[in-house]
Structures are given as C-alpha cells and as structure tokens.
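Notes follow once the structure below has been shown.
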Amino acid sequence: MHLLKNTLTPVYHLLFPNLCNGCGNELLSNEATICTTCISTLPLTKFHLIINNPFEQKLAGRVNIEHATAMYYFNKGGVIQELLHGLKYQQKQAIGALLGMYFAKQLLDVRWIADIDIVIPIPLSKQKMKMRGFNQSTCIGESFAAHLNKPLDTTSVVRLKNTASQTHKTRVERMDNVKDAFMVTSPNTLQHKHIMLIDDVVTTGATLEECAQAILKIDGTKVSIVTLAYAIE
C-alpha cells in the first residue's frame with residue numbers, strides 16, 4: 001500500500017498540480033494557497049503605522065469612526081485583484097483564511113486593537129448569499145478575529161437590500177445605492193461596544209460608511225473599520 005501511494009502521488013500532482021492562486025506557478029511542498037514570492041511582493045499599505053492615514057482621511061467628515069486601516073493596495077491587474085477574484089467568485093475560501101491570518105498578525109501589536117469588543121463582517125443580502133453560498137468578508141473575518149482572539153458576530157447586523165454592484169458607479173451613485181441598506185437586529189448585543197467592521201476591499205467607502213452609520217445609532221457604540229485591500233481611485 002505504501003509503495004502504491006508513493007507511486008501514485010507524483011502522478012496525481014502531475015495531473016492535478018497544486019498551483020499558487022496569485023501567479024499560477026506550482027507551489028512548493030512547504031507552501032499552501034499562495035506562494036512565498038507572491039506573499040512577499042504584495043503591496044502593503046502600512047496604514048496602521050500612519051496617523052490620519054489615507055483610509056481615515058477618506059471617511060473623515062462622513063462618518064464618526066475611531067480608526068481605519070487596510071493591509072494591501074488594490075491595483076487593477078495585480079495579484080491582490082487575482083486573489084480577491086478567486087475568493088469572491090471561485091469560492092477559494094482558503095485565500096480569505098490565509099490573508100485574514102496575515103492581516104491579524106500585522107495588527108497584533110497595534111494599541112487600539114485591544115479596545116475592540118466585536119468583529120462584524122459586512123453582511124451580504126439574502127439573495128447574494130444564496131447565489132454565492134458564502135460571504136467573502138466573513139471568510140476573511142473568521143480567520144482575522146480568531147488570530148486576534150476577538151468574537152465574530154455575523155447576526156447582529158443584516159443587509160436589507162440586494163443592492164446592485166458598486167462597480168463603475170460614481171461616489172454619489174454608490175452612496176445612493178446603499179442608502180438604508182443595513183439594520184441592526186440585536187442592539188442590546190452592541191450597546192456600549194467598540195465594533196470592528198471588516199470587508200474585502202474599499203473603494204469609495206460608501207458601503208462601509210452606511211453600515212457604520214446603522215451601528216452608531218445604537219447607544220454607546222464606537223466603530224473602527226478594516227479592509228483587506230484599499231483601492232486607489
């Protein structure tokens with residue numbers, strides 16, 4: 001049996017190679033999901049080290065958040081776009097879990113993280129959940145929250161509207177598209193808590209802003225926002 005396994009393993013890998021989800025090259029035996037080269041070349045923002053970073057500036061005057069940070073820059077045609085596309089549309093949830101872990105490790109020593117009470121992924125509508133089968137932000141958030149030792153809450157905030165895609169919309173159109181899209185279903189759970197919203201990518205910030213506004217209506221809440229990627233407009 002052992003001999004048969006040793007014979008079939010190379011054949012299996014020849015027929016079904018284990019490929020990097022970023023560049024498509026074959027992974028080494030000590031690599032999983034994303035190769036070391038891709039991981040090392042992903043464009044880090046280091047926003048968590050910058051006071052009043054570009055993400056926080058984007059939301060300034062629009063919503064009263066405590067902190068905002070993103071891990072990577074999102075460039076069209078770049079590896080991050082390829083990875084997020086694989087996660088979101090090809091159900092490669094291992095990508096979200098791995099990047100969520102890396103993101104959490106980057107923020108372990110950030111002082112304000114200790115103040116976070118609950119991590120909430122931006123929810124999908126019922127229609128999109130049924131179509132997609134999972135929420136990519138929850139996939140990232142599960143790993144992220146676990147490595148920061150924070151509770152993940154996927155039920156206290158729901159998305160009421162099956163909004164159209166935000167792609168190709170202007171900032172004003174995006175804001176109108178998500179207006180009144182979110183509702184807090186368990187206000188008692190969130191009262192006097194510091195909530196961290198997590199999403200896959202931010203462009204204009206309209207969706208995150210609208211979700212944060214719904215939470216901030218609850219007595220004593222504070223909101224911080226993190227996203228895996230930050231798109232340069």
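Annotations for the structure displayed:
- The angle separating the long axis of helix 93-107 from the principal Cα axis of greatest extent in the chain is about 60 degrees.
- Amide hydrogen neighbours beyond the local backbone of Leu160, cut-off 5 Å, H modeled: Phe182, Met183
- Degrees, to the nearest 10: 79-89 long Cα axis against longest axis of the chain: 80
- At an R0 of 22 angstrom, the distance between the Cβ atoms of Lys217 and Lys126 translates into a FRET efficiency of 0.50.
- Gain in span if fully extended, Ala146 to Asn18, counting 0.36 nm per residue against the direct Cα distance: 43.4 nm
- Computed from backbone phi, the HN-Hα couplings of segment 118-127 come to 9, 9, 10, x, 4, x, 8, 6, 4, 5 Hz, rounded to whole numbers (Karplus: 6.51 cos²θ - 1.76 cosθ + 1.60, θ = phi - 60°; Gly and Pro given as x).
- Over all projection directions, the Cα-based convex hull of the chain averages an area of 14.6 nm².
- Efficiency of FRET between His85 and Thr154 - r from beta-carbon atoms, R0 30 angstrom, step 0.05: 0.85
- Helix 206-216 axis versus longest C-alpha principal axis of the chain: approximately 60°, rounded to the nearest ten.
- Residue-wise HN-Hα coupling along segment 18-35, computed from phi with Karplus coefficients 6.51, -1.76, 1.60 (Hz; x: Gly, Pro): 8, 9, 5, 7, x, 9, x, 6, 5, 6, 6, 5, 9, 10, 8, 6, 9, 6
- Residue with peak Gaussian network fluctuation, the chain [Cα springs, cutoff 10 Å], from Arg132, Arg62, Arg111: Arg111
Every number in this text was worked out from the coordinates using simple rules, so none of it is lab data. As the structure is a prediction and not an experimental result, all values here were calculated from the model. Ideal geometry is used to build each Cβ from the backbone, glycine not excepted, and the neighbour counts take in all protein chains shown.
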